[in-house]
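Inspection log for the structure reproduced underneath, given as structure tokens.
The values are calculated or read from the model by the stated rules, or taken from the named source; none is laboratory data. These figures come from a predicted structure and were not determined experimentally. FYI the Cβ positions are ideal-geometry reconstructions off the backbone, even for glycines, and counts take in every protein chain you see.
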Amino acid sequence: MASSDEVRKWHSDNRVGWNEGAAAYEAELEERIEFLRAGGQNFCPPEREFLTDLSTWCHRAIHLQCAGGTDTLSLWNRGAHEVVGVDISDRMIEVARKKSAALQAPAHWFRSDILDTPTELDGTADLVYTGRGALCWIMDLDAWAQVVVRLLKPGGKLYLYEGHPFSDLWTFEDKEYVLDPEYGDYFNARPIDSEGWPSTYIGDLGKPIDEHALKHERMWRMDEIVNAALGSGLKLLKIKEHPDLFWNRFPNMDPANVRRLPQTLSIWAEKPA
Ligand SMILES: C[S@@+](CC[C@H](N)C(=O)[O-])C[C@H]1O[C@@H](n2cnc3c(N)ncnc32)[C@H](O)[C@@H]1O
């Protein structure tokens with residue numbers, strides 16, 4: 001298990017990396033504002049299955065690792081009365097602030113490591129929403145689950161829609177499933193260092209890979225995710241595996257082949273009343 005100093009160091013490196021990656025989110029600011037202004041909801045089909053009737057039960061939704069806030073504000077468009085976004089990246093939070101200001105949306109933003117999410121938010125969430133490339137940046141999953149529990153009201157729900165750990169094992173560019181030399185070990189329990197971004201997400205930002213900040217990603221297995229949730233006291237209500245992707249992870253593969261393996265997962269859980 002990583003020491004707390006290691007966890008802090010990796011998170012602080014990732015803050016630098018994500019401040020770099022935020023450039024891609026800044027570039028699409030106006031387009032995203034128009035999307036949201038038109039009532040857009042940036043959710044994948046599996047998410048729409050779970051996130052229903054928000055206007056009837058969700059006063060406050062807290063989005064952990066909210067990035068540029070499009071998905072957070074999509075929760076508002078889907079019926080949440082107010083939304084809160086938390087993210088470690090200064091530039092991402094600035095992008096999110098600009099969006100809610102343009103839309104005059106009931107949103108609050110916090111630039112914070114998830115593990116330090118301000119205690120003023122404790123016990124205020126009807127819904128904690130997160131995922132789509134979030135957990136791999138968190139180096140202590142038990143601490144993460146404890147944050148989720150402290151944010152939720154009794155009876156409040158967690159919805160996690162995340163990349164399936166099985167989906168992380170394969171190379172991006174191949175036409176068939178080929179185990180990635182680095183990511184292809186399902187039982188690797190250490191973070192993997194990386195520079196740069198996949199070509200179908202963020203891209204090279206106009207500079208060579210070795211000029212990008214060093215980041216650290218940790219692939220969590222299914223049992224680790226479930227046990228972190230159970231260990232925090234959350235009651236698991238439903239787990240579902242999906243063939244759907246949330247980004248173009250395998251640009252050269254036949255889509256029918258992509259859908260033969262699990263690509264994403266949903267966890268729906270509740271803080272006991
Ligand atoms: C892939 S994005 C999450 C998906 C998001 N829905 C999107 O629009 O892309 C990952 C986010 O996690 C944030 N992040 C990484 N490590 C974090 C940490 N320790 N605490 C809070 N946010 C973190 C990054 O800044 C980034 O915005």
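The set of residues in the stretch 33-44 being farther than 16 Å from residue 66 by Cα, in contact with a helix residue (DSSP H, G or I) (Cβ under 8 Å, 6 or more places away or on another chain) and assigned to a loop (DSSP other than H, G, I, E, B) consists of 39, 40. Of all residues in the stretch 136-153, those being over 22 Å from residue 124 (Cα atoms) and in contact with a Gly (Cβ under 6 Å, 6 or more places away or on another chain) number 0.
Across the stretch 52-68, a minimum of one residue is classified as away from the ligand (no atom under 15 Å from the Cβ), closer than 19 Å to residue 265 by Cα and free of Cβ contacts under 8 Å to residues at least 24 places away in the same chain. Of all residues in the stretch 10-32, none that is without any contact (Cβ under 8 Å) to a residue 12 or more places away in the chain and on the phi > 0 side of the Ramachandran plot has its Cβ atom under 7 Å from the Cβ atom of a residue that is outside any helix (DSSP H, G or I) and more than 8 Å from the ligand (Cβ to nearest atom), 6 or more apart or on another chain. Of all residues in the stretch 108-166, those satisfying the criterion of being closer than 29 Å to residue 56 by Cα, aromatic (Phe, Trp, Tyr) and surrounded by fewer than 22 Cβ atoms within 10 Å (Cβ to Cβ) are 110, 159. Restricting attention to the stretch 216-246, the residues that are outside any helix (DSSP H, G or I) and either in contact with a strand residue (DSSP E or B) (Cβ under 8 Å, 6 or more places away or on another chain) or surrounded by 14 or more Cβ atoms within 10 Å (Cβ to Cβ) (or both) total 20. Being touching a residue at least 24 places away in the same chain (Cβ under 8 Å), closer than 18 Å to residue 239 by Cα and of a type in the set (Phe, Trp, Tyr) is a property that does not hold for residue 177. Between 102, 96, the distinction of being modelled with pLDDT of 95 or more and within 14 Å of the ligand (Cβ to nearest atom) belongs to 96 only.
Annotation note: of 26, 47, the sole residue that is part of a helix (DSSP H, G or I) and closer than 28 Å to residue 157 by Cβ is 47. Beta carbons closer than 9 Å, at least 6 apart along the sequence or on distinct chains, pair a first residue in the stretch 130-141 that is under 11 Å from residue 219 (Cα atoms) and of a type in the set (Gly, Ala, Ser) with a second that is near the ligand (Cβ under 6 Å from one of its atoms) and part of a loop (DSSP other than H, G, I, E, B) for 133/65; 133/67; 134/65; 134/67.
Residues in the stretch 181-213 that are in contact with an Asp or Glu (Cβ under 8 Å, 6 or more places away or on another chain) and surrounded by 14 or more Cβ atoms within 10 Å (Cβ to Cβ): 10 in all. The condition (being more than 15 Å from the ligand (Cβ to nearest atom) and among the acidic types (Asp, Glu)) is satisfied by just one residue among 6, 47, 82: 82.
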